[in-house]
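Only the coordinates and a few stated rules stand behind these numbers; no lab work does. Everything numeric in this text was worked out from a predicted model, so none of it was measured. Methodologically, a virtual Cβ is constructed for each residue, glycine included, from the backbone with ideal geometry; neighbour enumeration extends over all protein chains shown.
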């Protein structure tokens with residue numbers, strides 16, 4: 001999962017701003033992979049984040065998420081032959097590729113929300129639709145999402161309805177206040193991180209720690225306010 005880059009003016013200000021765009025984009029992917037998959041009771045998957053920061057700012061901050069897809073752990077032969085022992089296997093496959101598509105869309109959607117909040121604009125699924133995700137580094141993510149659906153859904157009209165449905169689910173995840181706090185926290189973590197590789201365990205621990213603190217804060221607030 002890698003953000004599609006656009007040519008930007010090579011100034012410290014513009015590159016610093018690009019850093020933030022990329023951080024929120026990748027934080028959207030990671031948070032969806034880790035938190036949403038858990039919410040949907042899907043099996044855990046391996047992922048890592050590769051970072052490349054140049055102190056002289058001659059090249060922009062670079063980050064990409066490697067792995068994190070459920071479909072990679074499924075039996076390829078069964079997929080290619082469309083052969084499943086039980087209906088449960090078919091249902092699990094559907095959940096897996098739908099989750100992967102949603103997690104792909106979560107990246108550019110998180111970047112879009114960051115930009116909207118920064119600029120004091122409205123963030124909703126009518127103004128930021130699936131086509132608009134190309135404006136938020138989402139070209140590669142959309143290509144991959146469409147490849148999933150083209151592989152699993154032959155009918156064009158059905159495919160169009162499915163991508164709209166999955167986009168709405170991705171939007172709801174990003175727009176949820178609690179999920180957004182996690183994305184914001186993880187984006188800040190990426191921007192402050194000096195490592196070149198963040199393991200799945202490190203990312204998970206960072207999100208778990210934040211979620212634990214958030215829950216404690218919520219309980220304390222409820223206790224104080226009755």
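The table for this structure:
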read-out: Protection proxy ranking of 141-147, 119-125, 20-26, 107-113 - average other beta-carbon atoms within 10 Å, highest first; value: 107-113, 20-26, 141-147, 119-125
read-out: Neighbour-count ranking [beta-carbon atoms within 10 angstrom, fewest first] of 206, 16; value: 16, 206
read-out: Label-point separation, residue 127 to residue 41 (7 Å along Cα→Cβ), nm; value: 3.8 nm
read-out: Residue exposure sequence - 97, 151 - by fewest surrounding Cβ within 10 Å; value: 151, 97
